[in-house]
1. So which residues in the range 55-65 are over 12 Å from the mean Cα position of the chain (by Cα) and surrounded by fewer than 21 Cβ atoms within 10 Å (Cβ to Cβ), if there are any at all?
2. With respect to residue 155, determine if the residue is at pLDDT 80 or above, under 12 Å from residue 188 (Cα atoms) and in contact with a helix residue (DSSP H, G or I) (Cβ under 6 Å, 6 or more places away or on another chain).
3. Which residue pairs have Cβ atoms under 7 Å apart, sit 6 or more places apart or on different chains, and have a first residue in the range 171-197 that is farther than 15 Å from residue 161 by Cα and assigned by TED's automatic domain parsing to the domain that holds residue 150 and a second that is exposed (fewer than 15 other Cβ atoms within 10 Å of the Cβ) and at pLDDT 85 or above?
4. Within the range 21-55, how many residues are farther than 29 Å from residue 92 by Cα and in contact with a helix residue (DSSP H, G or I) (Cβ under 8 Å, 6 or more places away or on another chain)?
5. Give the number of residues within the range 157-170 that are crowded, with 21+ Cβ neighbours inside 10 Å and free of Cβ contacts under 8 Å to residues at least 60 places away in the same chain.
6. Could you please let me know if residue 98 is surrounded by 12 or more Cβ atoms within 10 Å (Cβ to Cβ), at pLDDT below 85 and in the same structural domain as residue 32 (by TED's automatic domain parsing)?
7. Report, by residue number, each residue of the range 66-77 that is surrounded by fewer than 17 Cβ atoms within 10 Å (Cβ to Cβ) and touching a residue at least 24 places away in the same chain (Cβ under 8 Å).
8. Considering every residue within the range 32-54, establish whether at least one is loosely packed, with under 11 Cβ neighbours inside 10 Å and under 30 Å from residue 144 (Cβ atoms).
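The values are calculated or read from the model by the stated rules, or taken from the named source; none is laboratory data. Since the model is a prediction, treat every value here as computed from it, not as a measurement. No Cβ is skipped: glycine too gets one built from the backbone with ideal geometry, and neighbour counts run over all protein chains shown.
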């Protein structure tokens, strides 16, 4: 008879694992688009933003998938923000190295130069859509913000995260979140004026 009890407990554990995996899949499907937008605003490239977002999703699933569901959101955004920071750091190093390559001069307009061949993020078919100019102005305003202010604004305003969850995601105190968010809102209001009310 004890063997039947062990089989029942194992079945219950397997059911719990399947439920947890399904909950994680729903969570990731729910945050994927917003995370992509956050990464795209930070790195200004769709392919890089997609890579960063997918990497954050994989890291959450591998390292924290067994954690309670309510911990996933702040953990995910912390992983995403760290991924963005790492990408930006690598980009800065790469641009410094490319600038020192032999044969390059400050007036060199070589079309094979990777920095010169990056497409202008302001151009493209999105300009034809209604509100595209306002969206571009917001993106430019966000890009002009200091990194911590941008993070606080995107997590609080775009993601709707609570101050406590934002603090966990950013790795700082709740007071710091409030300060960064306050400064970001006022800087954006000054920069955008009447475009965004």
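1. Filtering the range 55-65 down to residues over 12 Å from the mean Cα position of the chain (by Cα) leaves 58-65.
Result: 58, 59, 61, 62, 63, 64, 65.
2. No; evaluated as a whole, the condition is false for this residue.
3. 191/144
4. Step one: of the range 21-55, the residues farther than 29 Å from residue 92 by Cα are 21-30.
Those left that are additionally in contact with a helix residue (DSSP H, G or I) (Cβ under 8 Å, 6 or more places away or on another chain): 23-24, 27-28.
Result for the range 21-55: 4.
5. Of the residues in the range 157-170, 0 are crowded, with 21+ Cβ neighbours inside 10 Å and free of Cβ contacts under 8 Å to residues at least 60 places away in the same chain.
6. For residue 98, the condition - surrounded by 12 or more Cβ atoms within 10 Å (Cβ to Cβ), at pLDDT below 85 and in the same structural domain as residue 32 (by TED's automatic domain parsing) - is met.
7. Here is the first cut: in the range 66-77, the residues surrounded by fewer than 17 Cβ atoms within 10 Å (Cβ to Cβ) are 66-71.
Result: 66, 69.
8. The answer is yes; a qualifying residue exists.
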